Structures are given as structure tokens and as C-alpha cells.
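Heads up, the thing below is written out as C-alpha cells.
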Amino acid sequence: MDTKVWKVDKYVDKLESNPQVVDAADFLQENEVVAMPTETVYGLAGNAENDEAVAKIFAAKGRPGDNPLIIHIADRGQLDGFVAEVPETASDLMDAFWPGPLTIIFKKKDGVLSEKATAGLETVAVRMPDHPIALALLRVSGLPIAAPSANSSGKPSPTTAGHVLDDLAGKIAGVVDGGPTGVGVESTVVDCTEGVPVILRPGGVTREQLEAVVGEVRVDPALAGEGSRPKSPGMKYTHYAPNAPLYLVSGSREFLQGLVAEKRVEGLRVGVLATEESAEFYDADLVLACGKRAELETVAAALYDVLRKFNAHGVDVIFSEMFPVDGVGHAIMNRLQKAAGNKIMVE
Ligand code: TXA
Ligand code: MG
């Protein structure tokens, strides 16, 4: 299959009548799948009401069928179509964070969405993305859009159209190239179906921000480590992994440099995931600065691109600095721990 590339400037007016956007929306209406930028990562969009479109999403990504998709909407009125009830906490969270990087789990109204999109669950995950191109595609197509991250299953999520093409060229109808995404990590997934909201996946909206709106918010115990089964099916899979083994390093720069030196003696090519503050300290085959430690938002924005760059340079092993788990650091460390398969070296 030929994969079309529609280049669209997200800052232009009247995106809804932009010919590139209209063409991409036509493909969505014809139940083809196209990648689109959102404020978090690129999503692989398809008509959430159509089994065939949803099957194409799973096939292109190589995604396990038991991992449900997030449904994207442009207008809160669309919720009535497929959500059974909107609790007050959810309503308050939507007021505060939509459009934005927050996905809310609701009880589902049956018979509207493709059962494949929700993996047969009685709940449905919904979000309103804060990106002018995504919103224009949603409005022009007039559809609820199922969209997982537009990467091959297991790979780091895509934050540029180039990342999407690296994984999915030839497997999808097209990609709307709206430039790099902003937040860089996926949306926060919060379950509002049972009283106190529970974070199932940390993301672009922090626990602190949620608590400022609705009071107590819990974190799914499965996020803390092994043992219990995560409530968000996607959280049980290995994810974001670069090709080379990745180790998180808890300790000083000197300790990390010592680990690098040991591997180089063995003849291995070693990569280091550092920050702008620390990069010049290390001596390794490839040292990449992943944003500024003093501004964790910049680390989130750079993370997936940096993980992909290690693949492009073919290192044999990677050592990464760790980050505080406050604010967006919670999402950064969650993704790094998954990418590392929980391998941590402690000084
Ligand atoms: O920022 C994002 O959320 C991006 C952009 C494209 O919107 N999308 C994204 O989708 O990250 P995906 O499919 O890569 O991750 C969706 C997560 C998975 O962990 C999935 O298991 C969970 O949401 N999820 C979906 N429906 C659920 C449900 N009904 N209950 C619990 N978890 C659910
Ligand atoms: Mg994903």
C-alpha cells in the first residue's frame, strides 16, 4: 500500500476546509486508517464505529486484540452516543482538562462502537485531544475516532511523522504531518467508574493537577511494580523498548560512567541517556541529552525521539539517568521502567 503524506501547518486558519485535512478525513470516512498528530504523540486514527477500520488499526500495529483503544472526540455532545453515564468527577475533570492529555474511562453504552475497539470491555476510554489538526479531522469526518499511538506495538511512541513512517510506511493509508507533537508522553488514563478516580496510566496531566480539581486521586497499585494485574490492559505489555538492553542507573554520574567503562572494556558500543546539564560529563560511544533535568516537561517531549535515536546508531547497551517521580516525572519514569524491563543498577 502507498502511504500518503499530507503536510499541514497547524497554525493556519480554517483547517476544516484545508484540502489536505479534507482528503485525510475522506479516508477516515471510507474506513481507512491514517496517522494524525495530537498534543501527546501521533495517533493511528480509524472510524471507531466500524469493525473493519478498527481491525486495520490492530493489524498495522501488530497490537494484541485484548488491548482496547482510546476513542477521540471533538465535542462533549458525542459522549451521549456511546457512554452510559457521566459521573460528577468525570464532568469536573473534563471541564478542567479537555481538550488536553487526559483520557477518562466511562461505563459504555452497548451497540454503538465496534466491540473490537473496546476489546469487549463494559467500559470505554475517551479523550478530546488539544491539537488543531486532530480536532479538525474529528470535526470534518464527523466520527468518533479510535486512535492508539501510531507506532508498531512495543516500539517507542511516535512524536514526529517520520517516526510513524519508520514503523508503518506501506501499512497505512496515510499520515498527516503536522510537525513534532508537544507533550511527548501519552495522555493520563483515569478510571472514573468507581468513586475515587484511579490513575491507570500516568501521563501528560499530573496526579497533582487532578487532585487540585477533584480531591483524592488513587494510583493503580499495579503501576508500583510486579504482582497485581493492571486494570489498563495495555500496561501489562513490554513497551517503548529500544533494540539494545537499557539499564536505569540510580546513583552518581561517576557510578554511571564506571558502568560505561566496564562495558567498553568488553568491546561493546555504549549509549548514555543523559540531560543537557549532564551530557558533557560522560565519555561513551553515543551520549544523548534528553531535555533539561530542571524542566521535566522538556525531558518528556524528547524521550521517545531519544530512545529511537539509540536504535538508529546501533549501540549494544544503554545506561540512563533516572528522574524524580513528581509531576510529569511520574510518566517519564513509568515509560523508562517499561523500556528498561525494570532493569535498575543501584550504586
Ligand atoms: O495520548 C494518548 O493517549 C495517545 C494519543 C494518540 O491519543 N493514545 C494512546 O493510545 O496512547 P494507546 O492505545 O497507545 O494507549 C491506550 C491505553 C492502553 O494502555 C489501554 O489498555 C488503555 O489506554 N485503555 C483503553 N481502554 C481502556 C479501558 N476501557 N479500561 C482501561 N484501560 C483502557
Ligand atoms: Mg501506545
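Any read-out appearing in this document is the output of simple, stated calculations on the displayed coordinates, not a laboratory observation. Bear in mind that the values here come from a model prediction, so they are computed numbers and not experimental data. Cβ atoms come from the backbone with ideal geometry, glycine included; neighbour counts cover every protein chain shown.
Per-structure values
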read-out	value
Residue of Glu52, Glu266, Glu208 that the Gaussian network model of the chain assigns the largest fluctuation, springs spanning Cα pairs under 10 Å	Glu266
Binned Cα-Cα distances of the stretch 71-142, short to long, each 10 Å bin given as a whole percent	19, 53, 28, 0
Stokes-Einstein diffusion coefficient of the stretch 41-170, Kirkwood radius over Cα pairs, 25 °C, 0.890 mPa s, in µm²/s	164
Pairwise label distance in nanometres, Asp2 with Ser250, each label 7 Å out on the Cα-Cβ vector	5.4
Footprinting exposure proxy for Trp98, Trp6 (fewest neighbouring C-beta atoms within 10 Å first)	Trp98, Trp6
Value of [θ]222 nm, deg cm²/dmol, for the chain, DSSP H segments ≥ 4, -39500 (n - 2.57) each, nearest 500	-9000 deg cm²/dmol
The chain: most fluctuating residue of Val164, Val315, Val325 per GNM, C-alpha cutoff 10 Å	Val325
Ala279-Glu295 pseudo-label distance in nm [points 7 Å out on the Cα-to-Cβ vector]	1.5
Overall form of the stretch 178-315 per C-alpha gyration tensor (a/c, 1.5; a/b vs b/c)	prolate
Charge dipole magnitude, Cβ of K and R +1, D and E -1 - the stretch 191-335, Cα centre, debye nearest 20	480
Folded to 0 to 90 degrees: helix 19-29 orientation relative to the chain principal axis, Cα	80
Of Lys56/Lys171; Lys108/Lys171; Lys155/Lys292; Lys231/Lys338; Lys309/Lys338; Lys56/Lys108, those spanning more than 19 Å from alpha-carbon to alpha-carbon	Lys108/Lys171; Lys155/Lys292; Lys56/Lys108
Label-point separation, Ala312 to Val22 (7 Å along Cα→Cβ), nm	3.5
With Cα atoms, 0 to 90° folded angle of helix 132-141 axis to the chain main axis	30
Angle between the chain longest axis and helix 88-97 axis [Cα atoms, degrees, rounded to 10]	70
Stokes-Einstein D in µm²/s, Kirkwood radius over Cα pairs - the chain at 10 °C with 1.306 mPa s viscosity	77
Förster radius 30 Å - calculated FRET efficiency between Ala84 and Ala222, Cβ distance, rounded to 0.05	0.75
